[in-house]
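Undergrad: Sharing a structure here in structure tokens format.
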Amino acid sequence: MINSTQNSAQFLEKSLHEKFVFYGKNAKEWMRKCVLLLPEINRLRIWEKKGFGSIYEYAAKLAGMSRNSVDEALRILRKVEDKPELRWVIDKKGINAIKPIIAIATQETANFWAEKAMEMSKNTLEVYVKEFKKAHMEEKNNESKFLPRKEFDAVPQAQNISMELDPEIANQLQKLKGQGNWNELMQKLLQAYQAQVEAKKPIPQENAKRYVPAKIEKYVLAKTNSTCAFPGCTKEYKYLHHTWRFALTKTHDPDSLIPLCKAHERMAHAGLIKNENQPPENWGIKLEADKTSEKWLKVDRWVAKHRESL
Ligand SMILES: [Zn+2]
């Protein structure tokens, strides 16, 4: 008796939830369609002809839109007037999905950015745009030096890092540096740290289960102190990423397990990381996913799909 009551309560909850999800999804879709019509309705002043005091009143009464969302829709749609590819993304994913690329997309690159906006979350797209700008700037700098690339690479600019230290530690470091320079000392310390980490490097685990053994995890995280390994990223890691996809290798190899933040892990699975099978120091972003390694992409697509359904 108790069981059947429980069952029917569970059934009711499940069906209520499913209905809500279904209606919500449809509501969002219809709202996106309303948003896309706004500029034209505003331009032809249709709201006035229909007896409304303003476009805001029209949108509020007929579609429940707030003043802010009307302003934002008009502002953003003005910027994509000449970019039908981005309007298409708005129709599929909404205004928010293209916000990170509004300033960077041109008529010529709209197609490229629309594709990225479709396959990435807003957060991942923001990080990608940041890397993209950085890569673009570096390219420009290199060109303007009028030096062959190799030569330019050989003289990277020194960087200043300031840090707060306990007086005692500062003193000890000064002593260690002695008459030498900071660069040499830091290099020595780095090498000593790396040697210590490497000495404890575990052997790869083959025919493994999904779960990464504690020993391997500890080794991998020590290399970046639990920070994302993508060059320049200072976020805390969220995933241990297999650069050789685990689903295919069934191996946890300490050399190809890399701690990554959420955005960089998503980029890796979208096939957008350059030199992914080399150490992360050599990584960069790719403009196009590598369509030739179809075998890997199949796994990535599966991972992406699997995530969506979570
Ligand atoms: Zn990162």
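The values are calculated or read from the model by the stated rules, or taken from the named source; none is laboratory data. Note that the coordinates shown come from a computational prediction; the quantities given were computed from them, not determined experimentally. Neighbour counts run over all protein chains shown; Cβ positions are idealised from the backbone, glycine included.
Undergrad: Which residue, of Ala263, Ala270, is modelled with pLDDT of 90 or more, out of contact with any strand residue (DSSP E or B) (no Cβ under 8 Å at 6 or more places or on another chain) and either surrounded by fewer than 12 Cβ atoms within 10 Å (Cβ to Cβ) or not polar (S, T, N, Q) (or both)?
TA: Details: Ala270 fails: modelled with pLDDT of 90 or more.
When all the criteria are applied, what remains is Ala263.
Undergrad: Give me the pairs, please: first residue somewhere in the range 257-272 and outside the structural domain of Pro231 (by TED's automatic domain parsing) and in contact (Cβ under 8 Å) with a residue 12 or more places away in the chain, second residue anywhere and of a type in the set (Val, Ile, Thr) and more than 8 Å from the ligand (Cβ to nearest atom), beta-carbon distance under 8 Å, and either six or more positions apart or on two chains.
TA: Matching pairs, first to second residue: none at all.
Undergrad: Let me ask something else about it. Going through the range 246-260 one residue at a time, which ones are under 23 Å from Asn123 (Cα atoms) and surrounded by fewer than 20 Cβ atoms within 10 Å (Cβ to Cβ)?
TA: Within the range 246-260, no residue meets the criteria.
Undergrad: Now for a different question. Given the conditions (1) closer than 30 Å to Lys92 by Cα; (2) at pLDDT below 90; (3) within 16 Å of the ligand (Cβ to nearest atom); (4) not charged (D, E, K, R), and given that Val129 satisfies all but one, which numbered condition is not satisfied?
TA: Val129 satisfies all of (1) closer than 30 Å to Lys92 by Cα; (2) at pLDDT below 90; (3) within 16 Å of the ligand (Cβ to nearest atom); (4) not charged (D, E, K, R) except (2).
Undergrad: If Asn207 satisfies all but one of (1) within 16 Å of the ligand (Cβ to nearest atom); (2) loosely packed, with under 13 Cβ neighbours inside 10 Å, what's the number of the condition it fails?
TA: Condition not satisfied by Asn207: (1).
Undergrad: What about Phe112, is it at pLDDT below 90, among the aromatic types (Phe, Trp, Tyr) and assigned by TED's automatic domain parsing to the domain that holds Cys233?
TA: no
Undergrad: Looking at Pro202, Pro213, which one is surrounded by 10 or more Cβ atoms within 10 Å (Cβ to Cβ), out of contact with any helix residue (DSSP H, G or I) (no Cβ under 8 Å at 6 or more places or on another chain), touching a residue at least 24 places away in the same chain (Cβ under 8 Å) and of a type outside the set (A, V, I, L, M, F, W, C)?
TA: Among Pro202, Pro213, only Pro213 is surrounded by 10 or more Cβ atoms within 10 Å (Cβ to Cβ), out of contact with any helix residue (DSSP H, G or I) (no Cβ under 8 Å at 6 or more places or on another chain), touching a residue at least 24 places away in the same chain (Cβ under 8 Å) and of a type outside the set (A, V, I, L, M, F, W, C).
Undergrad: Another question, then. Which one of these does Ala192 not meet: (1) within 13 Å of Leu257 (Cα to Cα); (2) more than 16 Å from the ligand (Cβ to nearest atom); (3) of a type outside the set (Asp, Glu)?
TA: Of everything listed in (1) within 13 Å of Leu257 (Cα to Cα); (2) more than 16 Å from the ligand (Cβ to nearest atom); (3) of a type outside the set (Asp, Glu), Ala192 misses just condition (1).
Undergrad: Hey, can you tell me all the residues within the range 238-254 that are out of contact with any helix residue (DSSP H, G or I) (no Cβ under 7 Å at 6 or more places or on another chain) and either within 14 Å of the ligand (Cβ to nearest atom) or without any contact (Cβ under 8 Å) to a residue 12 or more places away in the chain (or both)?
TA: Across the range 238-254, the qualifying residue is only Thr249.
Undergrad: Is it the case, given these coordinates, that Ala135 is at pLDDT below 90 and touching a strand residue (DSSP E or B) at 6+ places or on another chain (Cβ under 8 Å)?
TA: Yes; evaluated as a whole, the condition is true for this residue.
Undergrad: For the range 84-119, what are the residues that are outside any helix (DSSP H, G or I) and surrounded by fewer than 22 Cβ atoms within 10 Å (Cβ to Cβ)?
TA: Residues satisfying the conditions are Gly94, Ile102, Ala103, Ile104, Thr106, Gln107, Glu108, Thr109.
Quick grid of which residues meet (1) touching a Cys at 6+ places or on another chain (Cβ under 7 Å); (2) aliphatic (A, V, I, L, M); (3) at pLDDT 90 or above; (4) not assigned by TED's automatic domain parsing to the domain that holds His252:
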{"position": "Lys188", "(1), (2), (3), (4)": "no, no, yes, yes"}
{"position": "Lys200", "(1), (2), (3), (4)": "no, no, no, no"}
{"position": "Gln205", "(1), (2), (3), (4)": "no, no, no, no"}
{"position": "Ala208", "(1), (2), (3), (4)": "no, yes, no, no"}
{"position": "Ala214", "(1), (2), (3), (4)": "no, yes, yes, no"}
{"position": "Lys218", "(1), (2), (3), (4)": "no, no, yes, no"}
{"position": "Ala222", "(1), (2), (3), (4)": "no, yes, yes, no"}
{"position": "Ser226", "(1), (2), (3), (4)": "no, no, yes, no"}
